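The values are calculated or read from the model by the stated rules, or taken from the named source; none is laboratory data. This is a predicted model, so every value here is computed, not measured. All Cβ positions, even for glycine, are placed from backbone atoms using ideal geometry, and neighbour counts span all protein chains on display. Protein only, heavy atoms only, side chains kept; ligands, DNA and RNA dropped before computing areas. Shrake-Rupley method; radii C 1.70, N 1.55, O 1.52, S 1.80 Å.
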Amino acid sequence: MTATTLRALHHGSHPLVLPNVWDAASARVFADAGFSALATSSSAVAATLGYDDGERTPAAEIFAAIGRIARSVDVPVTADIESGYGLGASDLVDRLVEVGVVGCNLEDSDPATRTMKDAEQQAEFLAAVRDHAGDGLVLNARVDVFLHTSFDPQTTVATAIARARRYLAAGCDCVYPILAPADTLPELVAGIDGPVNVLHRPGGPSLEHLSALGVARITFGGSLHSAAVAALRDTAAALHLATGRSGPDPNENR
């Protein structure tokens, strides 16, 4: 599947709903359910591989996992690659193309220091990624001002809009003001004047409500993985309870 297919899905009459998957099995579940494209979740993939989120997973393991996901389905896959795992623009694009994904998220904060990157430097990096990728990748620029700064409705929304516009001008296809409060979304959508990705959170606005706000893309972060783990935890507890034992038998090996 090509980036052209994924890019076009950002401009339909309804938002592109992208389930965030974490391995080949979860990818097949959502593809078989009829979703037209999939995204990965950095936190979910990291957890599956035994690491914490925040670029603590070796890049080789991340790209191998992403590749297994992309190969397992016949729909476009876009990858959450955090800040790029320290790779330069050309190396990053080459790795993404090699594993078969047609899009990526790139965030504008440093996962190690949890501080915002300089907006101009980030725009230059995104422009270099676009230059090397051509039309071969759909670039989603994450805007982290709501994640890493104390929220002030006046300054933070304005900063998010300014960063988003700069990243779109650098060649990105979509921008992602992650954790933006629901009541700021109308202003963000209107002020950015380009495709906006929002995070659907349990207990937050419904898919229908987000669609009515005019967002272009809806993702779920690690929440689908968390729900799957919670369901498995319930299954494990029920199975253990069914054994009629509350814990290991101290006399079992005597």
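One table, with the values for the structure above:
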{"item": "Residues (in a helix (DSSP H, G or I) and surrounded by fewer than 18 Cβ atoms within 10 Å (Cβ to Cβ)) located in region 81-118", "result": "Ser90, Asp91, Asp94, Val97, Glu98"}
{"item": "Every pair of residues 6+ apart whose Cβ atoms lie under 6 Å, when the first sits in region 65-90 and is in contact (Cβ under 8 Å) with a residue 60 or more places away in the chain while the second is open to solvent by 30 Å² or more (accessible area, probe 1.4 Å) and β-branched (Val, Ile, Thr)", "result": "Pro76/Thr5"}
{"item": "Test: residue in region 56-70 that is touching a Lys or Arg at 6+ places or on another chain (Cβ under 6 Å), surrounded by 14 or more Cβ atoms within 10 Å (Cβ to Cβ) and either part of a helix (DSSP H, G or I) or not hydrophobic (A, V, I, L, M, F, W, C) (or both)", "result": "yes"}
{"item": "Among the residues listed as Leu199, Leu207, Leu179, the single one being open to solvent by 20 Å² or more (accessible area, probe 1.4 Å) and in contact with an Asp or Glu (Cβ under 9 Å, 6 or more places away or on another chain)", "result": "Leu179"}
{"item": "Those residues of region 106-152 which are at pLDDT 95 or above and among the acidic types (Asp, Glu), in sequence order", "result": "Glu107, Asp108, Asp118, Glu120, Glu124, Asp131, Asp135, Asp144"}
{"item": "Condition met for Leu9 (part of a loop (DSSP other than H, G, I, E, B) and open to solvent by 30 Å² or more (accessible area, probe 1.4 Å))", "result": "no"}
{"item": "Residue satisfying condition, being modelled with pLDDT under 95 and either among the β-branched types (Val, Ile, Thr) or closer than 20 Å to Val196 by Cα (or both), within set Ser83, Ser13", "result": "Ser13"}
{"item": "Lone qualifier among Thr155, Thr235, Thr159 - being modelled with pLDDT of 95 or more and under 23 Å from Thr115 (Cα atoms)", "result": "Thr159"}
{"item": "Qualifying positions in region 1-29 - of a type outside the set (Gly, Ala, Ser) and free of Cβ contacts under 8 Å to residues at least 12 places away in the same chain", "result": "Val29"}
{"item": "Filtered residue count, region 130-161, keeping only those that are charged (D, E, K, R) and closer than 18 Å to Glu120 by Cβ", "result": "4"}
